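Please read the structure below before turning to the comments.
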Amino acid sequence: MTNTCSKTLQEEIIRLKEEKNAVILAHNYQIPEIQEIADFIGDSLELAIEATKTRADVIVFCGVDFMAETAAILNPDKKVIVPSVDARCPMATQLPAELIKESKAKETIPFVIYVNSYASAKAEADICCTSANVVKVVERLDSDVVFLGPDANLAWFAEAKTGKRVIPVPSDGFCCVHKRFNVKHIEEMREKHPDAVIIVHPECDPEVQQKADYVGSTSQMLKFAKECDYNKVIVGTEIGLIDRMKREIPDKTFIPLHEVVCRSMKLNTLESLLDALEFEFNVVRLPEDVSERAGRAIKKMVRIL
Ligand code: 13P
Ligand code: SF4
């Protein structure tokens, strides 16, 4: 529920947004007060696509660093700003560009890079993917063996779904938020809510994915929740998605598999959003060559739709 102070901030942001011809893109994990005023809310893939469509002069990207970098790469002529420069995804740090070069020197197979990575790493990879399209991307590659990083759980998911060999790089890359879900949470929920369906994100450990009823990206989970016959849905991902589900699907019940919060995503606040928009600071800037080379891997992914 939005309080009076938040309402005033939201009104001021909306006024400035119109004045500056700006657009607010927000990830599904953003706080509800930001989701409420966003022009578009989505998963990583939807946000990347939306970033290619916008006619705005300024993109305020409410998510984490790698998402804003992707928007900046796809929009070299626009100003992309972020509410908080500290909103960094800890998973992205696990795949330095050097590791990709080393892997490719050992074996000449395609390197699929999860969008949760830095532009400098994407510049060394062959094609990008998100959790929503990883299966499609791996299937389309003309090779039965591929590298995929930095998330080893997503690599496991891609291997299970495609039947190809998907080598994780690094071997143990992970999301510290989704790591917190375990099989015990699923067993307890099944016992407590036998009438519910359990859905989880592919960043969860393989044993968790195997015990769930559905595995998908955040927006795929939202779609599943809207369309499924179940009235009670247990959700295994960051709490922000549940805020969106409750707002958009008020007639169903949503229960967190376990309450987990991505602290990086929560660093964006209405206050920091207003400051960034008003003064147009925290502009995302990348070296031109990195942007150009990372752009190739991202655009290759966007074309596979
Ligand atoms: P989605 O692309 O599914 O929204 O996931 C992004 C993410 O960071 C999950 O932790
Ligand atoms: Fe990164 Fe995990 Fe947060 Fe997603 S939930 S932004 S992968 S730390």
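Do we have Ala121 as modelled with pLDDT of 95 or more, among the aliphatic types (A, V, I, L, M) and under 22 Å from the mean Cα position of the chain (by Cα) here?
Numbers: modelled with pLDDT of 95 or more: yes; among the aliphatic types (A, V, I, L, M): yes; under 22 Å from the mean Cα position of the chain (by Cα): yes.
It is true that Ala121 is modelled with pLDDT of 95 or more, among the aliphatic types (A, V, I, L, M) and under 22 Å from the mean Cα position of the chain (by Cα).
Of all residues in the stretch 270-305 being small (Gly, Ala, Ser) and either in contact with a Lys or Arg (Cβ under 8 Å, 6 or more places away or on another chain) or closer than 20 Å to Ala123 by Cα (or both), which is surrounded by the most Cβ atoms within 10 Å (Cβ to Cβ)? Please lay out each step first, then the result.
Step one: filter the stretch 270-305 for residues small (Gly, Ala, Ser), giving 272, 276, 291, 294-295, 297.
Going one step further and asking which of them are either in contact with a Lys or Arg (Cβ under 8 Å, 6 or more places away or on another chain) or closer than 20 Å to Ala123 by Cα (or both), we end up with 291, 294-295, 297.
Numbers: Ser291: 20, Ala294: 27, Gly295: 21, Ala297: 24.
Looking at the filtered set, the residue picked out is Ala294.
Take the residues of the stretch 207-219 that are assigned to a helix (DSSP H, G or I) and away from ligand 2 (no atom under 15 Å from the Cβ): which is surrounded by the most Cβ atoms within 10 Å (Cβ to Cβ)?
Taking the stretch 207-219 first, the residues assigned to a helix (DSSP H, G or I) are 207-211, 218-219.
Adding the requirement that they be away from ligand 2 (no atom under 15 Å from the Cβ) leaves 207, 209-211.
Numbers: Glu207: 12, Gln209: 21, Gln210: 14, Lys211: 19.
Filtering the stretch 207-219 for residues that are assigned to a helix (DSSP H, G or I) and away from ligand 2 (no atom under 15 Å from the Cβ), the one surrounded by the most Cβ atoms within 10 Å (Cβ to Cβ) comes out as Gln209.
Among (1) small (Gly, Ala, Ser); (2) more than 22 Å from Glu271 (Cα to Cα); (3) crowded, with 20+ Cβ neighbours inside 10 Å; (4) in contact (Cβ under 8 Å) with a residue 40 or more places away in the chain, where does Ala51 come up short?
Just one mismatch for Ala51, condition (4).
Restricted to the stretch 240-272, and to residues that are within 12 Å of ligand 1 (Cβ to nearest atom) and in contact with a strand residue (DSSP E or B) (Cβ under 9 Å, 6 or more places away or on another chain), which residue is farthest from Leu45 (Cα to Cα)?
Residues of the stretch 240-272 within 12 Å of ligand 1 (Cβ to nearest atom): 240-241, 244, 260-262, 264-265.
Subsequent filtering for residues that are in contact with a strand residue (DSSP E or B) (Cβ under 9 Å, 6 or more places away or on another chain) retains 240-241, 244, 260, 265.
Working: Gly240: 17, Leu241: 15, Arg244: 17, Val260: 22, Met265: 17 Å.
Filtering first and then ranking leaves Val260.
If you take the residues of the stretch 17-31 that are surrounded by fewer than 24 Cβ atoms within 10 Å (Cβ to Cβ) and part of a strand (DSSP E or B), which of them is farthest from ligand 1 (Cβ to nearest atom)? Write out each step before concluding.
Here is the first cut: in the stretch 17-31, the residues surrounded by fewer than 24 Cβ atoms within 10 Å (Cβ to Cβ) are 17-23, 31.
Within this subset, residues satisfying the condition of being part of a strand (DSSP E or B) are 22-23.
On the way: Ala22: 22, Val23: 18 Å.
Of everything passing the filter in the stretch 17-31, Ala22 is farthest from ligand 1 (Cβ to nearest atom).
Restricting attention to the stretch 82-108, which residues are in contact with a helix residue (DSSP H, G or I) (Cβ under 7 Å, 6 or more places away or on another chain), crowded, with 22+ Cβ neighbours inside 10 Å and not in a helix (DSSP H, G or I)?
Across the stretch 82-108, the qualifying residues are Val82, Pro83, Ala87, Cys89, Leu95.
Would you pick out the residues in the stretch 235-272 that are part of a loop (DSSP other than H, G, I, E, B), more than 15 Å from Thr218 (Cα to Cα) and of a type in the set (Asp, Glu)?
Asp251, Glu259
Any residue in the stretch 157-166 that is more than 16 Å from ligand 2 (Cβ to nearest atom) and either at pLDDT below 95 or in a loop (DSSP other than H, G, I, E, B) (or both)?
Yes, the stretch 157-166 contains at least one residue that is more than 16 Å from ligand 2 (Cβ to nearest atom) and either at pLDDT below 95 or in a loop (DSSP other than H, G, I, E, B) (or both).
The values are calculated or read from the model by the stated rules, or taken from the named source; none is laboratory data. Here the structure is a predicted model, which means the values were calculated and not measured. When we count neighbours, we look across all protein chains shown, and the Cβ atoms used for this are built from the backbone with ideal geometry, even at glycine.
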